[in-house]
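Below is one structure; the comments refer to it alone.
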Amino acid sequence: MARSTSGAGARQWLLGVVALALASCGKSPDLIVYVSADEQVARPIIESFERESGLTVGVRYDTEATKTTALASLLRAERERPRADVFWSSECFAVAQLAKEGSFEPLDAGVFGEWPANCRDGERRWFGFSARARVLVIAPDRVKPEEMPDTWMDLVRPWWKGRIVMADPRFGTTRGHLGAMQSFFERKLRIPGYWEAYVEGLAANEPRLLTGGNAAVVEAVARGEADIGLTDTDDVLAAQARGAKVQWIMPRHDPVADPGGGTLLIPNTVALIAGAPHRSNAIWFMEYMLSPGVQARIAESESRNWPLGVELPDDLDPLPDDPMRVDIDDAADRMDGAVADLMKAIGQ
């Protein structure tokens with residue numbers, strides 16, 4: 001049973017967990033990294049950095065169900081006395097929130113000054129790499145061709161009632177995606193009531209919310225508990241590797257197919273924590289993470305993330321056509337309100 005904590009007690013418990021984890025290493029590490037990327041993807045990268053650099057790295061991973069959100073809370077609790085040096089997140093929206101709060105130190109020298117503007121924060125407080133895409137996972141034997149969604153708004157169609165699953169929207173990429181959709185619908189489409197229609201229509205189709213994250217969404221579709229689910233490409237690929245009979249589709253966000261209305265790409269991000277105890281080692285690690293070699297390794301892993309800011313490996317599928325153009329800062333500002341809109345419409 002999970003331990004119940006709140007307020008100051010919860011912060012003390014989290015800090016204690018970190019202290020115990022680091023103490024178990026036998027000595028103080030040369031670098032501490034908080035990681036919300038999947039451990040099976042992140043661990044080999046961190047181990048290779050240790051071998052190549054000669055440094056020891058202390059790591060705290062997040063859980064699938066609370067991706068990024070739990071570590072973001074920990075960073076806030078530790079702001080006055082930082083314990084970690086680098087935050088490696090599997091997404092960008094919670095990171096954008098933390099950046100605005102002053103959690104990260106800007107970097108503008110070397111690779112950080114040259115990193116493409118569409119792959120980083122405007123003030124160079126975080127840097128994006130190795131992206132996955134936000135998709136719908138379907139059971140191809142239970143979804144008719146004429147039912148296939150062309151846009152995300154198609155999830156309000158009446159034939160989807162009782163057939164949809166999604167991760168708890170208060171966490172992970174589901175949270176960020178809702179903020180991105182609201183931002184895109186209201187700033188790009190500018191169709192009055194479009195966001196409200198999406199939320200109300202989706203809620204009317206009674207989506208089932210799962211606490212196990214996006215991976216649980218894919219598994220639910222694979223087991224026949226639902227026919228369609230909101231998830232990410234890496235979770236679909238992992239299920240397919242296990243033999244699950246599922247596939248993804250990439251609906252558009254823009255119903256009139258204007259440029260910049262395609263699928264949402266969600267990068268991994270790295271950021272230097274303000275007041276990092278091991279600043280120079282942290283910068284070394286971040287440079288390593290943005291390197292073509294590391295991004296190629298992540299692309300070759302089961303996640304098959306697309307490299308950003310560097311050339312794609314020859315054997316990797318090209319980036320999705322016409323990805324969604326979204327203001328990440330605006331989406332981050334909106335996402336908690338967007339989640340509240342959906343939860344209220346669902347009745348939770």
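Every number in this text was worked out from the coordinates using simple rules, so none of it is lab data. Predicted model only: the values in this text are computed from it and were never measured. When we count neighbours, we look across all protein chains shown, and the Cβ atoms used for this are built from the backbone with ideal geometry, even at glycine.
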Query raised in the report: So, with +1 on the Cβ of K and R and -1 on the Cβ of D and E, and no other charges, what is the size of the charge dipole of region 41-102 about its Cα centre, to the nearest 20 debye?
Result: 180 debye
Query raised in the report: Once you put a point 7 Å from the Cα of residue 280 and another 7 Å from the Cα of residue 190, both along the Cβ direction, what distance in nm separates them?
Result: 5.3 nm
Report task. Using a cut-off of 14 Å between beta-carbons, work out the net charge of the residues near residue 156 (Lys and Arg +1, Asp and Glu -1, residue 156 not included). Result -> -3
Report summary line: Taking alpha-carbon centroids only, region 294-341 lies from region 163-228 a number of Å equal to 18 Å
Query - Sum of side-chain charges, residue 276 neighbourhood, beta-carbon under 10 Å (Lys, Arg +1; Asp, Glu -1) - result: 0
Query raised in the report: Quick one: longest stretch of the chain between exposed loop trypsin sites (Lys or Arg not before Pro), exposed meaning at most 13 other C-beta atoms within 10 Å and loop per DSSP?
Result: 28-160
Query raised in the report: Over its Cα atoms, what ratio of radius of gyration to 2.2 N^0.38 Å does region 197-348 give?
Result: 1.24
**Report entry** GNM result for the chain, Cα springs below 10 Å: residue of 86, 95, 41 fluctuating most strongly
**Finding:** 41
Requested in this report: Under a cut-off of 25 Å between alpha-carbon atoms, report the lysines in cross-link reach of residue 161, not counting same-chain residues fewer than 8 places apart.
Outcome: 144, 245, 344
Query raised in the report: Loop-only check: which GluC sites (Glu not before Pro) in region 249-348 are DSSP coil with at most 11 other Cβ within 10 angstrom?
Result: 311
Query - Per DSSP, loop GluC sites (Glu not before Pro) in region 105-209 with at most 16 further Cβ within 10 Å - result: 123
Requested in this report: Springs between alpha-carbon atoms under 10 Å, Gaussian network over the chain: tell me which of 336, 85, 141 tops the mean-square fluctuations.
Outcome: 141
